[in-house]
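The values are calculated or read from the model by the stated rules, or taken from the named source; none is laboratory data. Please read these numbers as outputs of a predicted model, since none were measured by experiment. As a convention, Cβ positions derive from the backbone with ideal geometry for all residues, glycine included, and neighbour counts pool all protein chains shown.
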């Protein structure tokens, strides 16, 4: 009882005290504690990094390796931050005087390149740098137009089979000159198809097209209406892709028990070959065929002995057995560089794979592609063109790829 009375009296006394007096007492109680400070009078900053040179003078965004020479870098990779404007490069090697950095995917002129080093309170000097575009989207098609096949002539003009997704009857083949000038080259194929699965420039400048049927379509060199050039006799034949050899013979394949040779006089010869062929390419007097047989994705080849004779079948590359063929990924396009590298278009995450002559393979420009790659064409310089089919969130597009090397001859357009 006595304790309760004392507690009640204390509460009354506190309530009667002025608020200012209570606050004063609180503040006075805090005055004895020092105010914390972040300043360390004993801290000594590392010297600011210095850039003396950067090589090469420019490189490809997203894939190029930049060598930076200078002073006061950290030999620990993670302690160096290399900025390309606001984007960070990936430091691959580091010493006190040299950094090797993978450039970010920031194609741009006049980038401010600078370096920050941990425990240095100042950035380096700034160097102006340029990152080039290794892969770009061909922006000259309308948004409603989806590209499906591409080829290029000897003058660098691109011919693109496209589908107008709003008005199918307005689909066709568009021609683009090297300076980007567009013209309507040919209307859509006659009949039901709205697009071509394959286009190739052939002798005389004629454009040849396939529509997953048994007919081979020809378009005049100056453009115009398509006509049936050759119709194969078997009604179940389905032709998907084709290529010319150095003698002007056209080789064709599809999901058939045979491949076909058509001479310029329109005579046809069949050669047994059971597979679902999706890509045909002639390189170094060999006929290359890519597709699926018995569930395996492969590239085969035959020596072209003559228009009437092929050598024995060879398995050139087993894509399914490679690391890139995991999960059932397929081969949808092949072509060759002049040095013998084979470029493979796939629906694997690595949408373009390079197979070297020794059969080792690597992804082209990792991280810069989305699957799947359907159709290839190479200009007379270093640019490979590829159709990307819309899948997995990617949009249908024509890609322009700087391979930094020339393509192998396309004999139909007169290459040697």
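Residues checked against (1) surrounded by fewer than 22 Cβ atoms within 10 Å (Cβ to Cβ); (2) in contact (Cβ under 8 Å) with a residue 60 or more places away in the chain:
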| position | (1), (2) |
| --- | --- |
| 131 | no, yes |
| 145 | yes, no |
| 153 | yes, yes |
| 162 | no, no |
| 183 | yes, no |
| 192 | yes, no |
| 201 | no, yes |
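On the phi > 0 side of the Ramachandran plot and touching a helix residue (DSSP H, G or I) at 6+ places or on another chain (Cβ under 9 Å) - does that describe any residue in region 288-302?
Yes, some residue in region 288-302 is on the phi > 0 side of the Ramachandran plot and touching a helix residue (DSSP H, G or I) at 6+ places or on another chain (Cβ under 9 Å).
For region 280-359, which fully contained strands (runs of 3 or more DSSP E) count at least 1 residues that are at pLDDT 95 or above and either within 20 Å of residue 150 (Cα to Cα) or within 16 Å of the chain's Cα centre (by Cα) (or both)? Full working, then the answer.
On the way: elements: 286-293, 296-306, 314-318, 331-336, 342-346, 352-355.
Passing ranges, in order: 286-293, 331-336, 342-346, 352-355.
Is it fair to say residue 400 is touching a strand residue (DSSP E or B) at 6+ places or on another chain (Cβ under 7 Å), assigned by TED's automatic domain parsing to the domain that holds residue 278, in a loop (DSSP other than H, G, I, E, B) and surrounded by fewer than 20 Cβ atoms within 10 Å (Cβ to Cβ)?
no
Please give the strands (runs of 3 or more DSSP E) falling wholly within region 208-271 in which 3 or more residues are surrounded by fewer than 22 Cβ atoms within 10 Å (Cβ to Cβ). Can you show your working first?
Numbers: elements: 215-219, 227-231, 239-244, 250-262.
Where strands (runs of 3 or more DSSP E) fall fully within region 208-271 and carry at least 3 residues being surrounded by fewer than 22 Cβ atoms within 10 Å (Cβ to Cβ), they are 227-231, 250-262.
State the number of residues belonging to region 88-125 that are touching a residue at least 24 places away in the same chain (Cβ under 8 Å) and either farther than 20 Å from residue 46 by Cβ or out of contact with any helix residue (DSSP H, G or I) (no Cβ under 9 Å at 6 or more places or on another chain) (or both).
Number satisfying all stated conditions: 25.
Each row is one residue, and each column tells you yes or no for (1) assigned to a strand (DSSP E or B); (2) in the same structural domain as residue 402 (by TED's automatic domain parsing); (3) touching a strand residue (DSSP E or B) at 6+ places or on another chain (Cβ under 6 Å).
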{"site": "69", "(1), (2), (3)": "yes, no, yes"}
{"site": "96", "(1), (2), (3)": "no, no, no"}
{"site": "104", "(1), (2), (3)": "no, no, yes"}
{"site": "115", "(1), (2), (3)": "yes, no, yes"}
{"site": "120", "(1), (2), (3)": "no, no, no"}
{"site": "123", "(1), (2), (3)": "no, no, yes"}
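Can you name every residue in region 223-246 that is under 24 Å from residue 409 (Cβ atoms) and within 33 Å of the chain's Cα centre (by Cα)?
So in region 223-246, the residues under 24 Å from residue 409 (Cβ atoms) come out as 229-230, 239-246.
Correct list: 239, 240, 241, 242, 243, 244, 245, 246.
Taking the criterion of being touching a helix residue (DSSP H, G or I) at 6+ places or on another chain (Cβ under 6 Å) and in the same structural domain as residue 358 (by TED's automatic domain parsing), would at least one residue in region 326-342 satisfy it?
Checked region 326-342: no residue is touching a helix residue (DSSP H, G or I) at 6+ places or on another chain (Cβ under 6 Å) and in the same structural domain as residue 358 (by TED's automatic domain parsing).
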